[in-house]
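Engineer: One structure, pasted below without further comment.
The values are calculated or read from the model by the stated rules, or taken from the named source; none is laboratory data. It should be emphasised that the depicted structure is a prediction, and the values quoted were computed from it without experimental measurement. All Cβ positions, glycine included, derive from the backbone under ideal geometry; neighbour counts span all protein chains shown. To get the accessible areas, we keep the full protein, side chains included, count just its heavy atoms, and leave off ligands, DNA and RNA. Shrake-Rupley method; radii C 1.70, N 1.55, O 1.52, S 1.80 Å.
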Amino acid sequence: MALPTKQIGLGLAMACLGTTLALGVALKAPCAEGDWRDGRQYHRYCYSDIVPLLGTEQLAGNRLPFLDPCVAADGACDEYPVLSMYAMRLAAWMSNGTTGFFFANVLLLSIAAFATLICLYLLVGSRALYFALAPTLLIYGFMNWDLIAVAFATAATLAYFNRRDVWSGVHLGLGATAKLYPALLLVPFVLGRFRERKPDAGIHLAWAGAAAWLAVNLPFMLAAPLGWREFFRFNATRPADWDSLWFVACHRLTGELFCDRPRVLGALGLLQVINIASAVLFVALSVLLYRLRRRVAPDFPRWTFGFAILVAFLLTNKVYSPQYGLWLLPWFALALPNLRLFAAFQAADVAVFLTRFSWFGRYTGIGGLPIGAFEIAVLVRAAVLVWCLAAWVRRDRSEAVPLAPAPEMADAPA
């Protein structure tokens, strides 16, 4: 079951997106001023990373991320990739105080959301509503800066389908300077070009992605190597994220909320074991999914593997931040436009959001649901994502998803 095929106008799609974003601002607004002493971020469900990071990233003055060292503090600083950090820096320069910082970021992220919608509309027409009307866009759009990476990844997809391979790679490389996940899409896009027996195009795409990423990062790598490496150090040493399957397993097996025991296997600590295991499982699951899909439909469009590889990453990675569900919204419209599956994922992701912050309220002493309710929601969401993977694998070749510019579509059915 998919959205109706009747085309809607871009203006209506943009109006739908504007409504969703406006409701998202209304949800987060009670927390915008940053006074959370009454626990409102939990019982009013208005938490946003944007609000506290003005202080923790030390952006209230004119500090340049990475280039100017962070003052010693309890929290992490400069723990985001370059483009995300400088989006924060720009928003801080545009604003005054915590509330202004929040709304400056709302402006930047809204621009990214509309850019995503336009690219998606050019690709799939009415199915862009999968993105524009998604409940998770409402609750997570202004949670963090992931919409910037989503916009670049969607622009890269549009460029790929229009056979502008260098530009596709450039957008993926730039997206990876905001969040690393767009780099994963190099795999299905390059595979698609190789399937078309155009290896040069695939190589150009990959090199363009690497060059764009390096062009943004190299100045900081050379001028401030310690600050630039903080993102990688922080993610290597952080424990399993609350929303991940690793957290549920660790908590149930050890009773601990932070999976960082110093020694588990010889010289390896639990954190190192999780780091290694998550990487191995991700690669293994991705290869398995690719082979299973080829068995069902040997000539399936390789670009659709982008959906599977992102889901595999979310299921196996130790970090599943709440807003990561935004990554999948364009891909439901592109590769798996099934309303039943989409609605199930949305419901499960919203349930994780509600139970997560309700439990945080209980954990901090203001009351809420027990941790068991949250962990059940995480497991249900994982089950829904497995269901989506099964649907993607079993999809018949005749069910290939039509896209708007079909005559020019790369690696797509005739």
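Engineer: Determine, for each peptide in 206-218, 281-293, the mean count of other beta carbons within 10 angstrom over its residues, then list the peptides with the highest first. Mind dumping the intermediate values first?
Structural biologist: Working: 206-218: 18.0, 281-293: 15.8.
Peptide ranking by packing, descending: 206-218, 281-293.
Engineer: Here is a follow-up. Are there cysteines in the chain with no second cysteine's Cβ under 4.7 Å away, and if so, which?
Structural biologist: Within the chain, the cysteines lacking a partner Cβ under 4.7 Å are Cys16, Cys119, Cys388.
Engineer: Based on the alpha-carbon gyration tensor of region 1-111, what equivalent-ellipsoid semi-axes (square roots of 5 times the eigenvalues) come out, in whole Å, largest first?
Structural biologist: On the way: eigenvalues 198, 67, 31 Å².
Here the semi-axes work out to 31, 18, 12 Å.
Engineer: Ignoring ligands, DNA and RNA, what accessible area per residue does the chain give at 1.4 Å, in Å²? Let's see the in-between values first.
Structural biologist: Details: 17390 Å² over 414 residues.
On a per-residue basis, 42 Å².
Engineer: What is the extension gain from Ile203 to Ile376, computed as 0.36 nm multiplied by their sequence separation minus the C-alpha to C-alpha distance, in nm to one decimal?
Structural biologist: Values: separation 173, 0.36 × 173 = 62.28 nm, distance 4.34 nm.
Here the answer is 57.9 nm.
Engineer: What is the projected area of the convex hull of the Cα atoms of region 173-259, averaged over all directions, in nm²? Spell out each step's value before the answer.
Structural biologist: Working: hull surface 30.8 nm².
The number I arrive at for region 173-259 is 7.7 nm².
Engineer: Is the shape of region 174-320 best called rounded, prolate or oblate, per the rule: a/c under 1.5 gives rounded, else a/b larger than b/c gives prolate, else oblate, with a ≥ b ≥ c the square roots of the Cα gyration tensor eigenvalues?
Structural biologist: Working: a/c = 2.84, a/b = 1.31, b/c = 2.16.
Oblate.
Engineer: Taking a ≥ b ≥ c as the square roots of the eigenvalues of the Cα gyration tensor of region 67-225, is the shape rounded (a/c under 1.5), prolate (a/b larger than b/c) or oblate? Working shown, then result.
Structural biologist: Working: a/c = 2.73, a/b = 1.32, b/c = 2.07.
In terms of gyration-tensor shape, oblate.
Engineer: Separate question: Can you give the Rg and Dmax of the chain based on its C-alpha atoms, in angstrom?
Structural biologist: Rg then Dmax for the chain, in Å: 21.0, 61.
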